[in-house]
Amino acid sequence: MKISLKRTPEQVELIKAMASRNRQVAYEAQVALAEFIGPVLAEVINNAPTLSNLFTQLQFNADDNPSIPLDLYYDISDEDYITVYSQSAAGGLPQNQVLPTVSEMKIATYSLDSALSFDRRYAAKSRMDVVSKTFTRMAQEILLKQERTSANLLMTALGAAKTNTLQHLVSATTAGAFLLQDFNNLITRARRINTSFSKGTPEGAASARGITDLIISPELENSIRSMAYNPINTKGAGGAALVGTQPNSNGIAAPDEMRMALYNSAGLPEFYGITLMVINELGVGQKYNTIFGSVYSPSGSDISFNASTQQVAVGLDRGRESLIRATAIDSDSGSEFSLIADDQYSIRQNKIGYFGSLEEGRMVLDNRALLGVIV
């Protein structure tokens, strides 16, 4: 992510004016730049993230008290009570609320902000690169907060999700390996979770809801690519489970068409009809994996998870409008991101500062859209 200011005569003069000894001229120049760059920052913040972009955007006026009529987001034949996950503070522990589907749910919002400054002499010398880097850093800080907040919410909702007495998590068939059987088990679990209100076959069973996207680590992507030259079965000769000491002759290779597709597909956009999203934050020892290990509390017969030796892959049903992000729109600029010239600095401090913030609220309205595989 990079924000650049073009070195046009107009922008050079505007940057120089920010360093003027006339406080009124300097402040007006700072405000003019904020009005120009604020919507640009909002656009960058919305397009750059990974997990944050999984949420459907819902806009509201900054002075409004937003709410959602839950009955419009659920099928009329669904259960009377549902569980909604939301956060009241950025990065805080998400909480679940059991609500009737006929209720009006108030959206808990919070503010994500950042404040940066640079030396006035850079503006006097028309250092466009310094000004650009300042706004780039501001966008990066907001982006990191959004991603961490999204990860907390998704991992908490996934770890606690149960439908029809079934966990939304399945365990890999072979420890440390990600095979076709794991895709198959995940699709089957999605079918069992997405039932009708009477726990039976839903309407339009041929197009029943399931998994559309799978978020994985680079290591799991490596496991998928290796199916081009490694065995893909989970059973050896005579139906016995494969173990590490058995000879390789017990392995069954993938069909030639499938192996050629894996050879020729460098980016692996999809597999088994499921779109793959590869992010570096997942994997053993990575931050999203660690978050899942912190918020996941198995009990009874639930699948165990050790963040130091195991990793989680997150499945998502994008066809279900479940992940919602409510954002406040500034009445003056019409932008989600509010950028303001920071007036705390005096002439003696020789600084130029900006303060940026956005107000948002994220929630999971239906955790049946989330499934996972523990590998």
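Tabulated values for the structure
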item: Failed item in (1) among the β-branched types (Val, Ile, Thr); (2) under 23 Å from Ile324 (Cβ atoms); (3) over 18 Å from the mean Cα position of the chain (by Cα), with Ile45 passing the rest; result: (3)
item: Positions within the stretch 1-35 being of a type outside the set (Asp, Glu) and loosely packed, with under 14 Cβ neighbours inside 10 Å, in sequence order; result: Met1, Lys2, Ser4, Lys6, Arg7, Thr8, Pro9, Arg21, Asn22, Arg23, Gln24, Val25
item: Residue check for Ala42: hydrophobic (A, V, I, L, M, F, W, C), surrounded by fewer than 18 Cβ atoms within 10 Å (Cβ to Cβ) and in contact (Cβ under 8 Å) with a residue 12 or more places away in the chain; result: no
item: Filter result (surrounded by fewer than 21 Cβ atoms within 10 Å (Cβ to Cβ) and small (Gly, Ala, Ser)) within the stretch 177-193; result: Ala177
item: Matching entry among Ala326, Ala341 (being at pLDDT 85 or above and farther than 21 Å from Val25 by Cα); result: Ala326
item: The stretch 264-289 - residue that is buried (at least 16 other Cβ atoms within 10 Å of the Cβ) and β-branched (Val, Ile, Thr) and, of those, modelled with the lowest pLDDT; result: Ile274
item: Matching residues, the stretch 330-366, being of a type in the set (S, T, N, Q) and either in contact with an Asp or Glu (Cβ under 8 Å, 6 or more places away or on another chain) or assigned by TED's automatic domain parsing to the domain that holds Asn289 (or both); result: Ser331, Ser333, Ser338, Asn350, Ser357
item: Unique match (being touching a Gly at 6+ places or on another chain (Cβ under 6 Å), part of a loop (DSSP other than H, G, I, E, B) and surrounded by fewer than 23 Cβ atoms within 10 Å (Cβ to Cβ)) among Ser301, Ser335; result: Ser335
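Table: residues versus (1) at pLDDT 80 or above; (2) in contact with a Pro (Cβ under 8 Å, 6 or more places away or on another chain); (3) not assigned by TED's automatic domain parsing to the domain that holds Ile187.
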position	(1), (2), (3)
Asn248	no, yes, no
Leu262	no, no, no
Ser294	yes, no, no
Ser297	yes, no, no
Val312	yes, no, no
Gly315	yes, no, no
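The values are calculated or read from the model by the stated rules, or taken from the named source; none is laboratory data. Quick caveat, the model's predicted, so the values are computed rather than measured. Backbone-built Cβ (ideal geometry, glycine too); neighbour counts: all protein chains shown.
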